[in-house]
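Enquirer: One structure coming up, written as structure tokens, with questions to follow.
The values are calculated or read from the model by the stated rules, or taken from the named source; none is laboratory data. Being a predicted model, the structure only gives us computed values, none of them experimental. Cβ placement follows ideal geometry from the backbone for every residue including glycine, while neighbour counts extend to all protein chains displayed.
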Amino acid sequence: MKAKLMSVLAVCLLFFFACISVCSDDSALIKRVKPVVPSMIMTPEIPDQIHFCGQLIDLTRYNMHEGIDRELSSFCYLHASTMLNFKRANRYFPIIEPILKEYGVPDDFKYLAVIESNLDPRIKSPARAVGMWQFMEGTAKDYGLTITPTVDERSHVQKSTIAACKYLKDAYAKYGDWVAVASSYNAGMGRISGELSKQDVESSLDLWLVEETTRYVYRILAIKLIFENPYKYGFVLRERDLYKPIECKSVEVSSDIPDLASFAKAQGVTYADLKRFNPWLRDRKLITAGKTYELLIPQVSDMYYKTPNEKVYNRNWLAE
């Protein structure tokens, strides 16, 4: 009787572990065949052509189609960074666009600033390029920007944009082609001129260059496509999502400020506020060295999102 009981128990245990094994296999199979995230990934639609700076660019050639495909996919699926660019653009495009227009630079070059820095005036690259337009120190000084131990105008939005315009106009005077100008902003005029000659081609898009420069123009074109039709590429934006421009008063300073924290407090703002709205300030003090600087002081009443943002620079961005 005891032996029979043990046999029945053994059979039951075998059946139990067999069931566990089957269930485990079924569970693994389900996990393999069923998506575990509630989303679908698709390749963005690639246009056959695009207008850039008044020029119609054919994108059907294999390298150009694949180049724009790579960058569109990158921007579409790096959601957080691309969405942040829209939010910042609402604050900075109203500053950048009038300067481009004043200097006769096509409006499309605002997208160069987007891909260079994600519209962050404080950013510094591993190569030590600084600011929204990513100037190296030597080039910045060549185009009139001041760099001292307490001042770095590469991080001054207006002044660095003016310097970028001057560079772009010089490059256009050399090439007469805005696509080549865009390429030269990354590689330098010397490199683009030399390669156009050595490779005996007319367009910079036909050059064999290092990967960063090869991708550069396509990145500009891709972000332009997304900014011109965000909803098409999966970005749903509302008024309240965008960063509002904050009103500031301008204070001229011609003498040194030994303690910027004390200066900020006297203006009714924090030291952090002063640095955020004047990112070109490099130190805790300001040495003017005989120059006059304008410091932006944010209006305290405009510094809060007590009501949703209603300032929208381009209503085409909104999903209405």
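Enquirer: Is it the case that some residue within segment 286-299 is exposed (fewer than 15 other Cβ atoms within 10 Å of the Cβ) and more than 16 Å from Ile257 (Cα to Cα)?
Expert: Within segment 286-299, one or more residues are exposed (fewer than 15 other Cβ atoms within 10 Å of the Cβ) and more than 16 Å from Ile257 (Cα to Cα).
Enquirer: Could you please let me know if Ser27 is at pLDDT 95 or above, over 18 Å from Ser155 (Cβ atoms) and not in a loop (DSSP other than H, G, I, E, B)? Give the steps one after another, and end with the answer.
Expert: Values: at pLDDT 95 or above: no; over 18 Å from Ser155 (Cβ atoms): yes; not in a loop (DSSP other than H, G, I, E, B): yes.
Taking the combined requirement at face value, the residue does not satisfy it.
Enquirer: Just for segment 43-99: of the residues that are hydroxyl-bearing (Ser, Thr, Tyr) and surrounded by fewer than 19 Cβ atoms within 10 Å (Cβ to Cβ), which one is nearest to Tyr172 (Cα to Cα)?
Expert: Of segment 43-99, the ones hydroxyl-bearing (Ser, Thr, Tyr) are 43, 60, 62, 73-74, 77, 81-82, 92.
After this cut, where a residue has to be surrounded by fewer than 19 Cβ atoms within 10 Å (Cβ to Cβ) as well, the list is 43, 60, 62, 73-74, 77, 81.
Numbers: Thr43: 34, Thr60: 26, Tyr62: 27, Ser73: 30, Ser74: 29, Tyr77: 33, Ser81: 30 Å.
Looking at the filtered set, the residue picked out is Thr60.
Enquirer: Let me ask something else about it. Gly234 passes all but one of (1) within 30 Å of Leu286 (Cβ to Cβ); (2) modelled with pLDDT under 95; which number fails?
Expert: (1)
Enquirer: Let me ask something additional. Scan segment 221-236 and tell me whether some residue there is surrounded by fewer than 17 Cβ atoms within 10 Å (Cβ to Cβ) and of a type in the set (Lys, Arg). It would help to see each step written out before you state the result.
Expert: Keep residues of segment 221-236 that are surrounded by fewer than 17 Cβ atoms within 10 Å (Cβ to Cβ), which gives 228-229, 231-232, 234, 236.
If we keep only those that are of a type in the set (Lys, Arg) too, we end up with 232.
Yes, some residue in segment 221-236 is surrounded by fewer than 17 Cβ atoms within 10 Å (Cβ to Cβ) and of a type in the set (Lys, Arg).
Enquirer: Which of the numbered conditions does Asp259 fail, given that it passes all the others? Conditions: (1) closer than 20 Å to Gly131 by Cβ; (2) touching a residue at least 12 places away in the same chain (Cβ under 8 Å).
Expert: (1)
Enquirer: So, one more: Within the set of pairs 6 or more residues apart or between chains, which connect a residue that is within 17 Å of Tyr111 (Cβ to Cβ) inside segment 27-56 to a residue that is at pLDDT 90 or above and β-branched (Val, Ile, Thr) with Cβ atoms less than 6 Å apart?
Expert: These pairs meet every condition: Ile50/Ile57.
Enquirer: Go through (1) surrounded by fewer than 19 Cβ atoms within 10 Å (Cβ to Cβ); (2) over 21 Å from Asp58 (Cα atoms) one by one and return the number of the condition Val201 breaks.
Expert: (2)
Enquirer: Looking at Asp170, Asp152, which is the one that is crowded, with 20+ Cβ neighbours inside 10 Å and acidic (Asp, Glu)?
Expert: Numbers: Asp170 fails: crowded, with 20+ Cβ neighbours inside 10 Å.
From the options Asp170, Asp152, the qualifying one is Asp152.
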